[in-house]
1. Using a Gaussian network for the chain with springs between C-alpha atoms less than 10 Å apart, which of these wobbles most: ILE204, ILE191, ILE292?
2. Would you please give the FRET efficiency between LEU57 and THR82, computed as 1/(1 + (r/R0)^6) with r the Cβ-Cβ distance and R0 = 22 Å, to the nearest 0.05?
3. Under 19 Å from the Cα of LYS298, which lysines turn up, not counting those fewer than eight places away in the same chain?
4. Over all directions, the average projected area of the alpha-carbon convex hull for the stretch 240-311 comes to how many nm²?
5. So what's the angle, to the nearest 10 degrees on a 0 to 90 scale, between helix 264-284 and the longest Cα principal axis of the chain?
6. Working from the alpha-carbon coordinates of the stretch 13-90, get Rg over Rh, Rh being the Kirkwood radius.
7. Stretched out fully, how many nm does the piece from ASP138 to GLU289 gain, at 0.36 nm a residue minus the Cα gap?
8. Ratio of the stretch 67-145's C-alpha Rg to 2.2 N^0.38 Å, to two decimals?
Amino acid sequence: MDNRDRVSSLLVQGYECLKNVDLGNASRFFDEALHMDFDDSEVLFALKCSEFWSECLESLKKIDPPLQRGDFVLAQWKSFCTFIVRIGGDFERAKYAFRRFAFGMALDFFLSIPDEQKKALGIELEFRLGRCRKALGDYETALIHLERATKIRKDNAVCLAELADCYALSGEQNAAKILFREAFFLDPDKIDLDFIESDLVQKIADRVRQLNYPADKIAEWIPVYAEIEGVFSVKRELTAQESSRLNSSMFSLENEIRENPSRAAALKPLLLNRYFWVLDNYKATNADEAKIDKLLQKVRVLDKDIYKQYLS
């Protein structure tokens, strides 16, 4: 076996250790690979990631209750996502292995919670277990947990987005599109893109980032571009009550922009999303063309470029 093959073999062994939540042995394999090739970019990437998680494990020693330990690991996952963007490198198998390590560790903590506390946590724990199972690729079990959580929290954008993501990853695209559309309408700011894996959302998110919208507005623009590109293409008919609330929300945003023009840029994606929902409802209920044209003109006034893309 030549040097390159040996380095590759050591990396694979290290990644297998990570999947078994064994950072110590993984780091040893990466160190051995480094001694064989000091310039290998994937080895250097893996070592930097190992150092990040080693520091996290040191901090974890100061935390005792398993619920808080699991939550700490999930919070560190968000920091890790920022970290790997900063250090650069497109090493998908390494990222996947560290994902398995982080969520596997968090899951172990959540499962070790005493039974009485598990019962008291109820839906809160179901959601955490579902999020971890999803990240580990156990979609069947994840769906059970997330469906339980969403059954209680039907209007919770975070629960809906996680369930939609799980459906997408398990091949249920239509269910995913409906739920993602709902989630990004209800409260896009609450949806944490670091925990959403499916291309349904991540490809749109990447496009929005390339358009240089503010980082804190990425999630709000996702449903706008998803509508333009036909990504959230599976829709449902609104009830009379839902239609009334939707129109009320739309008018409220219009009034806020009129009264506070300085807020127009910040509120634009939310209002555009509501315009698109109303337009879809008009089309579904065979509304008069004049009503549709009037609303399309509102879209044009708010953002001419979005208007052109929507009609193209």
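Laboratory data are not the source of any read-out in this text; all were calculated from the coordinates shown. As the structure is a prediction and not an experimental result, all values here were calculated from the model. FYI the Cβ positions are ideal-geometry reconstructions off the backbone, even for glycines, and counts take in every protein chain you see.
1. Residue with maximal mean-square fluctuation among ILE204, ILE191, ILE292: ILE292.
2. Efficiency for this residue pair is about 0.75.
3. LYS268, LYS283, LYS308
4. The Cα convex hull of the stretch 240-311, projected and averaged over all directions, gives 4.8 nm².
5. With both axes taken from Cα atoms, the answer is about 70 degrees.
6. Numbers: Rg = 13.5 Å, Rh = 13.4 Å.
With Rg and the Kirkwood Rh in hand, the quotient comes to 1.00.
7. Extra length from ASP138 to GLU289 when fully extended: 49.6 nm.
8. Ratio of Cα Rg to 2.2 N^0.38 Å: 1.18.
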